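Derivation of every value follows stated rules applied to the coordinates shown; laboratory data play no part. No experiment lies behind these values; they were computed from the predicted model shown. Please note: Cβ atoms are built from the backbone with ideal geometry, for glycine as well, and neighbour counts cover all protein chains shown.
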Amino acid sequence: MKSTIASLFGAAFLFSSLAANAAVDALVAAGEQQAAVCKACHQVEPNGITIVGPPLYGIADREIAAFSGFNYSEGLSANRIEGKTWDEESLDAFLASPAEFAPGTNMVYPGVKDPGARAAIIAWLATKNPTPPNWQSSDEVVPVKALGEGILTSDENMALVASTCSVCHSLHLVVQQGLSRDSWDETLEWMVDEQGMDELDHEAHERVLDYLATYYGE
């Protein structure tokens, strides 16, 4: 009887652990999608270099405003405390509003208003470290909106379009347009040629065009 109870408790613990791991994996996957806008200005892999902003890999071991060789604004430098590295609390405040966290910052991105999206991005950033930190300070499950939800028209291509366009533009700007499919195509080509946007593969390019022409066409 005791062995049966022990087996049941063991199975329950294993199931709970697997469920928790699956939830974390789902949160990290959502965070990578939500962080598409970050990748426009920051590299996230080991040995990353400065592009517009400093690389994000290893951020858990880095003091605020401390990447060697990068010219930080006075606003962000004012948050630097010797020995204090970035953590979930400081990242959440910065992501919510860079301008409020560091008045005068050179970073023009307005911030991530959805707390679920911020939690997902932070969970993803935790994986971008040699030793991933435990940046989940709460067991509470925070729902994460799909990228573009509440702004773009919902369909199977919404997240792809949101991740493509939000790298350089507010999604609110996208919904104000009324372009033909050909004009949207020219706009995407211009973004690649002149603004440094990564070129989409053919299938993704067509899906983005189909979506934009359908919902934000002439």
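Couplings for segment 173-190, taken from phi via the Karplus curve 6.51 cos²θ - 1.76 cosθ + 1.60 with θ = phi - 60°, read 5, 4, 6, 7, 7, x, 9, 5, 4, 5, 5, 4, 4, 5, 5, 5, 5, 5 Hz in order; Gly and Pro are left as x. Here the simple spin-label model places points 7 Å from the Cα toward Cβ, and for Asn71 and Thr153 these points are separated by 4.5 nm. Comparing Leu188, Leu152, Leu200 in a Gaussian network model of the chain (Cα springs below 10 Å), the most mobile by mean-square fluctuation is Leu200. Listed values for segment 204-216 are Karplus-derived 3J(HN,Hα) couplings in whole Hz (6.51 cos²θ - 1.76 cosθ + 1.60, θ = phi - 60°), namely 5, 4, 5, 5, 5, 4, 4, 5, 5, 5, 6, 9, 10, and x replaces Gly and Pro. For segment 100-111, putting each phi into the Karplus relation 6.51 cos²θ - 1.76 cosθ + 1.60 with θ = phi - 60° gives couplings of 7, 5, 9, x, x, 4, 7, 7, 8, 4, x, x Hz, in residue order, rounded to whole numbers and with x for Gly and Pro.
Towards the positive end of the charge dipole of segment 40-190, with charges on Cβ (+1 Lys, Arg; -1 Asp, Glu), say which of Gly53, Thr131, Ser180 has the farthest Cα. Toward the positive end, the furthest listed residue is Gly53.
Per residue of the chain, the DSSP helices (runs of n ≥ 4 H) give a summed -39500 (n - 2.57) that works out to -14500 deg cm²/dmol at 222 nm.
Between segment 184-199 and segment 70-110, the C-alpha centres lie 30 angstrom from each other. Computed log10 I(q)/I(0) for segment 32-85 at 0.16 Å⁻¹: -0.50, from the Debye equation with unit scatterers placed on every C-alpha and solvent omitted. For P(r) over Cα pairs in 5 Å bins from 0, in percent, the choices are [x] 1, 5, 10, 12, 14, 12, 11, 8, 7, 6, 4, 3, 2, 2, 1, 1, 1, 0, 0, 0, 0, 0; [y] 1, 6, 12, 17, 16, 14, 12, 9, 6, 3, 2, 1, 1, 0, 0; [z] 1, 7, 14, 18, 20, 18, 13, 7, 2, 1, 0; which was calculated from the structure? Answer by label: [y].
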